[in-house]
Amino acid sequence: MARAVRRMRVTGGLGKRRRTLPVVLLAVFAVIAVVFSPFAVWLIGRYGTNSDWQLLSNVGQTYGAVSALVAAIALIGVVVSLIIQSREAKATRASALRGLHVDLLRTAMDDPVYMECWGEYATDSFAAERQFTYVNLIVSYWRSVYDLGEVDDATLSVACGEIFSAMPGRTYWQKVGPRRMKTAPTRRDRRFYEIIDQAYRAAEHRPIVAPPRVAHAPGVRGPASPAVDRKHFVLPFVAGLLFSVVIKALGRVLFRRG
C-alpha cells in the first residue's frame, strides 16, 4: 500500500501554471500600455503636425470608452478574486476538518477501546480493523489531492490497482464502495469513485498478493544479538581492584612510619 501512495505523481500544478501564464502576461501588457499611453500622446503632439490634434481628439474620446472597459474588467477581477478567496477559505476549513478526522482515526487505531466507539467492526478482528481504517485514510488522502487537481485519472487508477492487489484494500471497497458510489455529492466525487471502482473490478479477478513474512512473528526468534567481548569489562575491573589494593597498602605503610 505504501508503494502505491509513494508512486502517485503530482501532475496538476504544472498544467495550472501553463494555463495561468498567458493570462498574467496579457494583464502585464495591458497595464504597461495604460501607463505609457500619456507618453505616447506627448510624442505624437510634439513631433506630429497640427492636423494630428484633431485625430488625437477622436482617439481621446475612444480612449474614454476603452478606459470604461478597463474599469469594468478591473471590477470583474475584484469579484473573481473574492470568489477565489472564498473557495480558499472553504478549502482551508475542509483541510482542518480532515486533519481532525485523521487524528481521531489514529487514536482509534492505537487502542481497541476507542475503536469500539466508532460502532460495530467492519471486519472480524482489531488488526483487520486497523488495516481497514488505514486504507480509509489512504482513500481520503487520494480524494483530497484529486479534488485539488494534483493527480490525474491514470495515476489514480494505477495506485488503486496496487491497493486492490492485497486483501485489506479489497475488503475495504467491498464494504464501502457501493455506498460511496451512491452518496457522492459532486460530479467530481462521482468520477473519483468511478475510477476506484473500475480499478477494483479489474483487480478482483487477479490473485491476491501474499503479505511478506513478519521478522518477529510468534515462535520465530529475532536476529541474534552481537557477541559481547568480556575482556572489555574484566580488564578494567581487575586494574581498578589492583589499584585500590596498592593505594591501601601504601596508606598503611605511611601511617605506620608516621
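Nothing in this text is a laboratory measurement; each read-out follows from the coordinates by a stated rule. No experiment lies behind these values; they were computed from the predicted model shown. Positions of Cβ are backbone-derived with ideal geometry, glycine not excepted, and every protein chain shown enters the neighbour counts.
Using the alpha carbon gyration tensor of segment 102-191, what are the three equivalent-ellipsoid semi-axes (square root of 5 times each eigenvalue), largest first, in whole Å?
Working: eigenvalues 119, 41, 34 Å².
For segment 102-191, the ellipsoid semi-axes come out as 24, 14, 13 Å.
Packing-wise, with mean Cβ within 10 Å as the measure, how do 160-170, 89-99 rank, highest first?
Top of the packing list down: 160-170, 89-99.
Using 0.36 nm times the number of residues separating Ile76 and Ser125, minus their current alpha carbon distance, what extension gain do you get?
Here the answer is 11.9 nm.
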